[in-house]
Amino acid sequence: MRPDRPEVETDADLAAHIDSYAGTLGGRLGVFLGFPRGPDDFEVVYRSNAEATFASASVIKLPILYALYETYDGRLDELTRRREITPENRVTGSGLFHLLDDPDPSLEDLARAMIAISDNAATNELIDEVGMERVEESARDLGMTDTRLRRKMMATLGDNDLPVTGEWPEGEPANATTPLDCARFFADVVHEATLSSAAYDRLVVPLEEQKYATAFPRYLPFETPVAHKTGSLPTAALDTGYVSLPDGDAEVGAADPGDPPLVFAVFADRLENGGDGSDALAEIGEGVYEWLKNRAE
């Protein structure tokens, strides 16, 4: 059961609500909240450790998704091409393709499984499709300058021969990102800044159909518009995306039609129990939503 807390009505209430977790998590909290007025122009609501590097976990799948649609923009029909998942890429963990005999999905099937159910085998196959270098180039193009991809999913777990490539700072994770980098990804999506509208229409489908909804959106009303991607490790929990109020909700009040959705990135790591981080992210998400409601009234 989530704990009782003070009302979150003002900007100061929101800051106090989030700050309360920084001191009680027993780990590190990184947060960025802002309204994207442009692809890299935020009306910042709250930030703390927004440029700190975190192990990305499955959040690294966001620039892989973007790189795929950037590669095929202008020829999106080719995303129906089938691609067999190679045996070495059929790792365990999140997803289901590793459980299927001889899976033969389309590229877009892989993309949607990679995001909506965080399928690791699909992710590894798409890394082979677009290449690690292309993923990092795409990330840099979006302003995700502190995001890196150096290994496939589950490359350091279990018995496999998946490579770990390149270099990264000593003591830091191979795959990494920051709250601000992820906010820039979603600002680009909100403003459809760098791809065609047709590409964005397809790219957002699995983000809006995310099946892992127990972190930031856990306590939000059922019909809340939210698109996001989660990530988790035994010692970390991450969630990033954008959220807005339901249009025309008489009880809540409609969001200002001039407002873009609120972009969020809430990361917790260095935890003894990653599940505790998910609880904190859910409670922060509830407070953020309450603040949005009060802002709209």
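The values are calculated or read from the model by the stated rules, or taken from the named source; none is laboratory data. Model, not experiment: these values are computed from the prediction. Heads up, the Cβs are rebuilt from the backbone with ideal geometry, glycines too, and the neighbour counts pull from every protein chain shown.
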Identify, please: which residue in the range 229-249 is outside any strand (DSSP E or B) and out of contact with any Gly (no Cβ under 9 Å at 6 or more places or on another chain) and is, among those, nearest to Gly277 (Cα to Cα)?
Ser244
Please specify each residue of the range 242-261 satisfying the condition of being in contact with a Ser or Thr (Cβ under 9 Å, 6 or more places away or on another chain) and either under 20 Å from Asn49 (Cβ atoms) or at pLDDT 75 or above (or both).
Val243, Ser244, Leu245, Pro246, Asp259, Pro260, Pro261
Hey, any hits in the range 77-84 for a residue that's modelled with pLDDT under 95, of a type outside the set (Gly, Ala, Ser) and either assigned to a loop (DSSP other than H, G, I, E, B) or surrounded by 16 or more Cβ atoms within 10 Å (Cβ to Cβ) (or both)?
yes
Tabulated pairs, the range 182-210, first within 23 Å of Thr147 (Cα to Cα) and assigned by TED's automatic domain parsing to the domain that holds Val226, second assigned to a helix (DSSP H, G or I) and acidic (Asp, Glu), C-beta under 8 angstrom, 6+ apart or interchain
Thr194/Glu70; Thr194/Asp141; Thr194/Asp188; Leu195/Glu70; Ala199/Glu70
Output the residues belonging to the range 266-288 that are part of a helix (DSSP H, G or I) and either free of Cβ contacts under 8 Å to residues at least 12 places away in the same chain or more than 18 Å from the chain's Cα centre (by Cα) (or both).
Asp276, Gly287
For the subset of the range 95-130 comprising residues that are touching a residue at least 60 places away in the same chain (Cβ under 8 Å) and part of a loop (DSSP other than H, G, I, E, B), which member is surrounded by the most Cβ atoms within 10 Å (Cβ to Cβ)?
Ser118
Could we say that Arg28 is among the basic types (Lys, Arg) and either surrounded by fewer than 15 Cβ atoms within 10 Å (Cβ to Cβ) or under 15 Å from Arg184 (Cβ atoms) (or both) here?
no
Boolean, Thr86 is among the β-branched types (Val, Ile, Thr) and farther than 30 Å from Asp276 by Cβ
yes
Filter result for Val44 (without any contact (Cβ under 8 Å) to a residue 60 or more places away in the chain, under 23 Å from Pro260 (Cα atoms) and of a type in the set (Val, Ile, Thr)):
yes
Filter the range 23-55 down to residues that are out of contact with any Ser or Thr (no Cβ under 9 Å at 6 or more places or on another chain) and part of a strand (DSSP E or B), then give me how many there are.
15
For the range 131-147, which residues satisfy the criterion of being assigned to a loop (DSSP other than H, G, I, E, B), in contact (Cβ under 8 Å) with a residue 60 or more places away in the chain and of a type in the set (Val, Ile, Thr)?
Thr147
